[in-house]
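No lab work stands behind these numbers, since they all come straight from the coordinates. Quick caveat, the model's predicted, so the values are computed rather than measured. Note: ideal-geometry Cβ built from the backbone for every residue, glycine included; neighbour counts use all protein chains shown.
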Amino acid sequence: MTASPRDRADAPPRLALSQISKSFPGVKANEDISLSVRAGEIHAVLGENGAGKSTLVKIIYGVQQADGGSIAWNGETVSIPSPKAARRLGIGMVFQHFSLFDAMTVIENIALGLDEAVDRDELKARVAKVLESYSLPLDPEREVHTLSVGERQRIEIVRCLLQKPKLLIMDEPTSVLTPQEVDRLFETLRQIAAQGCSILYISHKLHEIKALCDTATILRGGRVVGTCDPKVETTRRMAELMIGSELRSIEGAHGGTAGMARLAVSDLSMPGEPPFGTHLKEISFEARAGEILGIAGVAGNGQAELLTALSGERLAASPQMIMLDGKPVATTGAGERRAAGLACVPEERNGHAAVPDFSLAENAILTARYRLPLAPQGFIRLGAVKRFAQAVIGRFDVRTTGPAAPARALSGGNLQKFIMGREIGQEPGVLVVSQPTWGVDAGAAAAIRQALVDLAAKGSAVVVISQDLDELLELADRLCVINEGRLTPPRAVADLKIEEIGLMMGGIHGQPEGAAAHA
Amino acid sequence: MSDAILVSIIMTLVASSTPILLAALGELVVEKSGVLNLGVEGMMLCGAVAGFAVAFSTGSIALGLVASVLAGIATAMVFAVLTLSLTANQVATGLALTIFGIGTSSLIGAGFVGKTIERLGPVFPAALSEHPWLRALFGHDIVVYLSLALVLGVSWFLSRTRPGLILRAVGENDASAHAIGYPVIAIRYAAVAFGGALAGLGGAYFSLALTPMWADRLTAGRGWIALALVVFSAWKPGRLLLGAYLFGAVMTFELQAKAAGISWIAPEVLAMAPYLATIAVLTMMSLGRKTGRLDAPACLGKPFSAP
Ligand SMILES: Nc1ncnc2c1ncn2[C@@H]1O[C@H](COP(=O)(O)OP(=O)(O)OP(=O)(O)O)[C@@H](O)[C@H]1O
Ligand SMILES: [Mg+2]
């Protein structure tokens, strides 16, 4: 590495935390955490779900106040009472849970992220410049509720970049990006770091951390359990440091002896939700008993629409378009489909897959009552509900205070584990999941993937919609790609090269059997 | 029908719409910030009695108007402290505020029942409104012009200014607004105070302009109409204006019909007409739009406490 400002040993660190502590009722989220970040350094914070990473960076960004400890900025002790104060120091942050306003436009959302009033036209020009120089596609006039998760995240990133930060905090920024998008983001981040900006980077994807970061601090149960150089450490070793025990590998994947079709979709077309939804065009596929079918694709190419069409939130034109175990269901509602054995998990956990203000037990009733005797004749059996929620918590190692905890109090990954557990625990005949391990730590992701494999092995058909190619290649027996609302015919994963899929996802179709052939 | 009669109908229409428009406009801003204050009727009554008491005692209508605004704010602050600082349930607190307002206004107004004052007069010199049609333009009192200016002002504030954007953001997603660093509670306090001020002024319009005489429960449920109008106008100031004037128009028509002794419509049906017509028209305007759920501020009525 060439001599750059970051190598000057005499300069005080850009950010130094000492003995930061923070408790919530019932949990010590942070305990005596110390770490320092030099100018221009890309510093990873690793840890399991619920280890306290988000809490720590929220304290740095002034969203939450530490109970104890101190923060030094360029060698001077500072207090950061609010995000505004943080931004004045030059700290920017991309949140794990976006702080966006659904009913407002992209440009309004960006304006809200700035501290000073900027003339609308000037702001537009500045945003356009940032979008172009980092080649991020985003339409400033669209309303946020019409955007995919990936696009929403770009708003957050642009918000930060506009402020020319000295320290950029990124809480799981790549969860929803495609490999190509991740590569581009990394180029951007390296470019920013080379200009002297420090980056605090949280991710569960250890190979990303290896590729990007200079140093890693590892948290477990709210404490620092070690630091390492991710460039030399193996990902497996880092994962084991994180979870404090050995990592299990997935057993029995690709062992699928596929049986008969349990879910058959034929010629499913559906107009997108106006004004910006993707139209589904003649989607056909079969998911067979005992197999995992992967659906890859860049965010916003119809995944959300496909999921709502399958779940029954939106009904198709003719009943035969979706057949479940030989019965037409395309025009029946979500509840009936669940009762018949078709379970769906959307990518958005808070607000779509779970009600944030409901307890875990109540959230369990919402979907599980169709298949489990939790509310026969409409009367809720509290004991059974609690036992079911408790069983999910136990089986998937959800870190929480118990079935009575409100969904919103769980860390992102832990809520995901609970939701996945709730659906898998009902043993549905067909399970459709979108981004099953989004934001889930390495240990828990392995557990969820194993559970999906086990479910398939028991004779269910599993459909995994994901942007994480590594995950799909690890899990799926067959793979298709969704692109602008069209689905390619599935191909056996064994025959596919990762570059081929990456190109198909990006919409650059090199092959005749790719999506372009149908256009 | 002569011009003079038509113009006098217009004058009645405008006058009877104005208090509803004011109160609804205030509540619109409150709701845009994510707070549901059902106590509009109570705040109106407090404003009405304070305005009347001060105007009667000092002989100055202007002072009465100022007092009504202050009384509206004071009543709204009771609500704000309970719901925003102490995170009490907004629906329950709002209902309680209405009962509180009814009681307080009866208590203070007890000594004034049947007393009269000089009514709030037109703002422009009489010479301007000699011709009947000019009177329809220039014959109104100051509060009417103020209410119309406020419709424009609120509309501009919410859609064109940064503070307005922030206010909407707070009502749309309080957690995000807090995460970015906006003072959610302080902004909601300000909105609730604004709502109180306009409700108070709207109430005083009854006691100082419409019927310059004190009577118990003078506002006769108009606060509830204002609340409903906010919803039916889809939180848009322009439609609010339309709704309020439509309500006033049908109400004026109802009064005319009664006065003319029309008997082939049951008086009960006539009495229902303003409500039905307003709801029907505003609902029809929102038909066929799929984004209906996005009109309501997403955090409406939800308590917020900083984590
Ligand atoms: N507002 C809150 N109220 C109560 N408990 C909280 C709150 N925020 C976080 N916690 C708890 O603090 C702990 C740390 O949570 P945090 O969100 O920092 O985890 P994390 O490391 O970011 O996890 P993930 O990888 O899943 O995002 C968890 O046990 C979580 O349940
Ligand atoms: Mg987190």
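For region A:39-61, the residues whose amide N sits under 20 Å from a probe point set 7 Å from the Cα of A:GLN163 along the beta carbon direction are A:39-45, A:53-61.
Electrostatic tally near A:ILE155: other residues with Cβ closer than 12 Å to its Cβ, Lys and Arg +1, Asp and Glu -1, net -2. Shown in residue order for region B:193-205 are the 3J(HN,Hα) couplings computed by the Karplus curve 6.51 cos²θ - 1.76 cosθ + 1.60 at θ = phi - 60°: 5, 4, x, x, 4, 6, 5, x, 5, x, x, 5, 4 Hz (x for Gly and Pro). Between B:VAL123 and B:ALA88, the C-beta separation translates, for a Förster distance of 41 Å, into a calculated FRET efficiency of about 0.50.
Per-residue mean of foreign Cβ neighbours for B:63-73 is 0 (Cβ atoms of other chains, 10 Å radius). Placing dummy labels 7 Å off each Cα toward the beta-carbon, the span from A:HIS279 to A:ASP115 is 4.8 nm.
FRET efficiency for B:GLN256 and B:LEU276, Cβ-Cβ distance as r, R0 = 22 Å, nearest 0.05?
0.80
With R₀ fixed at 35 Å, the C-beta to C-beta distance from A:ARG88 to A:THR235 puts the FRET efficiency at about 0.40. Here the dipole of chain A is about 1180 debye; that uses its Cα centre as origin and unit charges on the Cβ of Lys and Arg (positive) and Asp and Glu (negative).
Spread over its residues, the convex hull of the C-alpha atoms of the protein assembly as shown is 206 Å³ per residue.
Putting +1 on Lys and Arg Cβ atoms and -1 on Asp and Glu Cβ atoms, find which of B:SER57, B:GLY34, B:ALA179 reaches farthest to the positive end of the dipole of chain B. Value: B:ALA179.
Taking other residues whose beta carbon is less than 15 angstrom from the beta carbon of B:SER57, and scoring Lys, Arg as +1 and Asp, Glu as -1, yields 0. Which of rounded, prolate, oblate describes region A:263-307, given a ≥ b ≥ c as roots of the alpha-carbon gyration tensor eigenvalues and a/c under 1.5 marking rounded, otherwise prolate only if a/b is larger than b/c? Cα axes put region A:263-307 in the oblate bin.
Across the options A:GLN64, A:GLY222, A:PHE186, the greatest Cα extent toward the positive end of the charge dipole of region A:15-243 (unit charges at beta carbon of Lys, Arg, Asp, Glu) belongs to A:GLY222. Each residue of region A:400-410 was assigned a 3J(HN,Hα) from its phi angle through the Karplus expression (A = 6.51, B = -1.76, C = 1.60, θ = phi - 60°), giving 7, 7, x, x, 8, 5, x, 4, 6, 7, 7 Hz with x at Gly and Pro. Here's the list of lysines a cross-link from A:LYS164 could span, going by alpha-carbon distance under 16 Å and ignoring same-chain residues fewer than 8 apart: A:LYS84, A:LYS129. Partner lysines whose Cα lies under 25 Å from the Cα of A:LYS458, excluding those fewer than 8 positions away in the same chain, are identified as A:LYS327, A:LYS417. Take each residue of peptide B:153-164, count the partner chain Cβ atoms within 10 Å of its Cβ, and average: the result is 1.
Based on DSSP loop calls and a cut-off of at most 10 other Cβ atoms within 10 Å, the longest stretch of chain A free of exposed GluC sites (Glu not before Pro) is what? Segment A:252-519 is the longest. Per-residue extension of 0.36 nm, minus the Cα-Cα distance of A:THR401 and A:GLN191, leaves a gain of 71.4 nm for this segment. Taking the Cα centre of region B:3-287 as origin, work out the dipole magnitude from +1 charges on Lys and Arg Cβ and -1 charges on Asp and Glu Cβ, in debye rounded to 20. Here the size comes out at about 360 debye. Projecting the Cα positions of A:SER245, B:ALA204, A:HIS279 onto the charge dipole of the protein assembly as shown (unit charges on Cβ atoms of Lys, Arg, Asp and Glu, taken about the Cα centre) puts B:ALA204 furthest along the positive direction. Along each principal axis, taking the top coordinate minus the bottom one, the Cα set of region A:4-102 gives 41, 34, 25 Å in descending order. For the protein assembly as shown, the share of DSSP beta bridges that are antiparallel, to the nearest 5, is 50%.
Which residues make up the longest stretch of chain A that has no chymotrypsin sites (Phe, Trp or Tyr not before Pro) in a DSSP loop with at most 16 other Cβ atoms within 10 Å? No qualifying site falls inside A:1-275, the longest such stretch. Answer rounded, prolate or oblate for region B:141-234, using the Cα gyration tensor with square roots of eigenvalues a ≥ b ≥ c: rounded when a/c is under 1.5, else prolate when a/b is larger than b/c, else oblate. Prolate.
For peptide B:168-179, the mean count of partner chain Cβ atoms within 10 Å of a residue's Cβ comes to 6.
Counted by Cβ distance under 10 Å from A:GLY221, the other residues give a net charge of +2, where Lys and Arg count +1 and Asp and Glu count -1. Taking Cα pairs under 8 Å and at least six residues apart, what relative contact order does chain A come out at, in percent? 16 percent.
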